[in-house]
Amino acid sequence: MTFRFRLEPLITIRDNILKEKQGELATAYEARRIVEEKQQALEHELAENIAAGRQRLQIGTVDIEFLLGLRRHEAYLNAQINVVQEHLRQINEEIEHRRNAVLEANKELKIIEKLKEKQYEKYQTEENRKETIRIDEITRKKTEL
């Protein structure tokens, strides 16, 4: 007789759920990476904007329209950075939520796997007991002859 765990389909289901949750978490990490790149690009553009304004002032010629345009663009970039930072905050919350879902799915899978291990140990113990009884019977029969 071979060991058969009757909840094996449940392990498969839990494993699939875990993989799905891990995929969702990976997607959230990828979204964060993309938004962080966007933030870095905006911050770089802002730094270039400020440097261009300083350079223009150092040359000695002051073009008020140019400087006003730079200030408007700087305000726009700061607003965009704030929007991106809010997106990052939301993504980080979602990552935490998804990480917890992965941990929970993993925990549920481990519980069932532990149950399987215990049942297998019980099966092994019972098989060993039966084998011992068979050996004792064979030994007893041989001694009777």
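Is there a residue in segment 86-105 that is surrounded by fewer than 16 Cβ atoms within 10 Å (Cβ to Cβ), at pLDDT below 95, assigned to a helix (DSSP H, G or I) and of a type in the set (S, T, N, Q)? Within segment 86-105, not a single residue is surrounded by fewer than 16 Cβ atoms within 10 Å (Cβ to Cβ), at pLDDT below 95, assigned to a helix (DSSP H, G or I) and of a type in the set (S, T, N, Q). The condition of being under 24 Å from the mean Cα position of the chain (by Cα) and surrounded by fewer than 12 Cβ atoms within 10 Å (Cβ to Cβ) holds for only one of 65, 37, that being 37. Scanning segment 98-145 for residues that are among the acidic types (Asp, Glu) and farther than 30 Å from residue 23 by Cα turns up 121, 126, 127, 131, 136, 137, 144.
Take the residues in segment 25-50 that are without any contact (Cβ under 8 Å) to a residue 24 or more places away in the chain and hydrophobic (A, V, I, L, M, F, W, C), then tell me which one is farthest from residue 99 (Cα to Cα). Result: 47.
Residue-wise test of (1) under 30 Å from residue 33 (Cα atoms); (2) under 31 Å from the mean Cα position of the chain (by Cα).
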{"position": "88", "(1), (2)": "yes, yes"}
{"position": "103", "(1), (2)": "yes, yes"}
{"position": "113", "(1), (2)": "no, yes"}
{"position": "126", "(1), (2)": "no, no"}
{"position": "129", "(1), (2)": "no, no"}
{"position": "139", "(1), (2)": "no, no"}
{"position": "143", "(1), (2)": "no, no"}
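The values are calculated or read from the model by the stated rules, or taken from the named source; none is laboratory data. Since the structure is predicted, the reported quantities are computational estimates derived from the model, not experimental observations. Reconstructed Cβ throughout: ideal geometry from the backbone, glycine too, with neighbour counts over all protein chains shown.
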